[in-house]
Amino acid sequence: MTTKPLNQLSLTEAVNAIERGDTSAEAIINACYDQIDAREPQVSAWQYSLTREQYLQAYRANEEFYKNSRLKGLPVGVKDTIDTASMPTEMGASLHVGRQPVDDASCVALIQQAGGIVLGKTVTTEFAYFQPGTTANPKNLQHTPGGSSSGSAAAVADYMVPASLGSQTAASVIRPAAYCGTVGYVGSCGEFSSRGIQPLAQSLDSLGFFARSVDDIVVLRSVLLANPATTTGASTEAPVKPTKILLCPGSNVGDTDADMNAAMADLATQLQHHGIETPELDSCDLINRLVGNHETVMAYEVYRNLAVERQHADTLSESFRGLLQEGEGIPRADYLAALSNIAITTRWLWHLHPDVDAILAPAAPGAAPEGLGATGKPHMSRPWQAMGLPVITLPGLTNAAGLPLGVQLIGKSREDEELLQTARWVHSHIEGLSC
């Protein structure tokens, strides 16, 4: 029997506890709502949510289905850029207040078919860009939770729901997961259906998840790929120890602070202690150049994707208008050159290091910055997102002030399963490590 508060159970722990008869779905649901009642006024993770009564009514109306389903009727948060037929999807934008989709996004439908219930829509930045929403970091309410999947990260980190959906175009899952201290995963670009998800930049957009363990990510991934795997399969197998992890120092990408550098060094030492090879990537500035390539591709595609919204410039934030203006001025030749360089660098990377299990890099420059007027810098994720690689943020590290520090493991495109196996082993060996 679990000794954790029920709302703090991971998704897999909750499913297993229900199947063992240790608790019930209703007890977990009520514990999540108790946490929401206590903390939502301070954290502000939700843009829209079902009331406790509405949720329990939905669960009880189909109780037999939920009891026999994979996700047992447990609550899931959904980023407010992902369409839901029963709830508004406003994309953090005043232009779309009250927007009601006709259909659920495919990812939402798959969650529901597996027995998950959407508790509500989580706060996002404006059009999943940089203009902050209302969410605060649950680890310290004076600090940013990151963006753009801020509400999804905070809802999981503050034990309001065991899992949530987000999306990433630059650093919108990996950075909030790092800042809030959760596991965050972004699939290989194109791995999951994007139907019903607000597009920002089609060459870069990826669906992502937040959860409390790598096992949870394995389960959610299986659900969203419509694989008939059991929910308990991931956690019953021993983690596979990697043999070689390529270290990518923050200096290969951009600025990182002293605490992050120390945490990376400590983690590398621990990996070496376990007999894992940790060669360091000498990128000759090639990885750093991808930051600019990503910015070019993103701005160019955003300007064309949001053709309707830019006709209503007076409703948009100054930062978003600036992005649109930048995208309008990018020649197509520059856009194609950026895409070409991304492809060339991707081939170079894996040709130089074909046998590594994963790349280890900072997930953010450091811990969450103080203040809610900005979401932090995204450059640590831009190169890997430009290359379309699967990435997972692992929590368990903290800075000198006790704030979460996230590291990210990066895998090869379409080798998400192998990345998650490596992540399971690494995560089990870094929890509790601090600098």
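A few remarks follow.
- Counting only helices (runs of 4 or more DSSP H) wholly contained in the range 196-286, the ones carrying 3 or more residues that are touching a helix residue (DSSP H, G or I) at 6+ places or on another chain (Cβ under 6 Å) and not small (Gly, Ala, Ser) occupy 214-224.
- Qualifying residues in the range 79-121 (those that are among the β-branched types (Val, Ile, Thr) and open to solvent by less than 40 Å² (accessible area, probe 1.4 Å)) - the one farthest from Gln47 (Cα to Cα): Ile111
- Residues of the range 122-150 that are of a type in the set (Phe, Trp, Tyr) and assigned to a loop (DSSP other than H, G, I, E, B): Tyr129, Phe130.
- Filtering the range 5-16 to residues that are open to solvent by 50 Å² or more (accessible area, probe 1.4 Å) and part of a helix (DSSP H, G or I) leaves Gln8, Glu13.
- Residues in the range 17-30 that are surrounded by fewer than 19 Cβ atoms within 10 Å (Cβ to Cβ) and either closer than 17 Å to Ala163 by Cα or not acidic (Asp, Glu) (or both): 7 in all.
- Residue list for the range 293-314, restricted to those being open to solvent by less than 40 Å² (accessible area, probe 1.4 Å), touching a residue at least 40 places away in the same chain (Cβ under 8 Å) and more than 25 Å from the chain's Cα centre (by Cα): Glu309
- Here the condition is being of a type in the set (Gly, Ala, Ser), part of a helix (DSSP H, G or I) and open to solvent by 10 Å² or more (accessible area, probe 1.4 Å); of Ala343, Ala374, Ala423, Ala367, it holds for Ala343 alone.
- Cross-chain or 6+ apart pairs with Cβ under 7 Å, the range 315-338 first and within 15 Å of Asn293 (Cα to Cα) and assigned to a helix (DSSP H, G or I), then polar (S, T, N, Q) and modelled with pLDDT of 95 or more: Asp334/Thr296; Tyr335/Thr296; Ala338/Asn293; Ala338/Thr296
- Hey, Thr51 at pLDDT below 95 and more than 23 Å from Leu220 (Cβ to Cβ) or not: no
- Pair list, Cβ < 7 Å and 6+ apart or interchain, from the range 184-202 residues that are hydroxyl-bearing (Ser, Thr, Tyr) to residues that are buried (at least 18 other Cβ atoms within 10 Å of the Cβ) and in a loop (DSSP other than H, G, I, E, B): Ser188/Gly388; Ser188/Leu389; Ser188/Pro390; Ser194/Asp205
- Residue check: Lys67 meets all listed conditions (1) within 30 Å of Thr144 (Cβ to Cβ); (2) in contact with a helix residue (DSSP H, G or I) (Cβ under 8 Å, 6 or more places away or on another chain); (3) open to solvent by 50 Å² or more (accessible area, probe 1.4 Å); (4) touching a residue at least 40 places away in the same chain (Cβ under 8 Å) but one, namely (1).
- Scan of the range 186-200 for residues that are hydroxyl-bearing (Ser, Thr, Tyr) and within 25 Å of Ala93 (Cα to Cα), ordered by number: Ser193, Ser194
The values are calculated or read from the model by the stated rules, or taken from the named source; none is laboratory data. In this text, all values refer to a predicted model and were calculated from it rather than measured experimentally. Cβ coordinates were reconstructed from backbone atoms using ideal geometry, including for glycine residues, and neighbour counts include every protein chain displayed. In case anyone asks, the SASA skips ligands and DNA or RNA and just uses the protein heavy atoms, side chains included. Shrake-Rupley method; radii C 1.70, N 1.55, O 1.52, S 1.80 Å.
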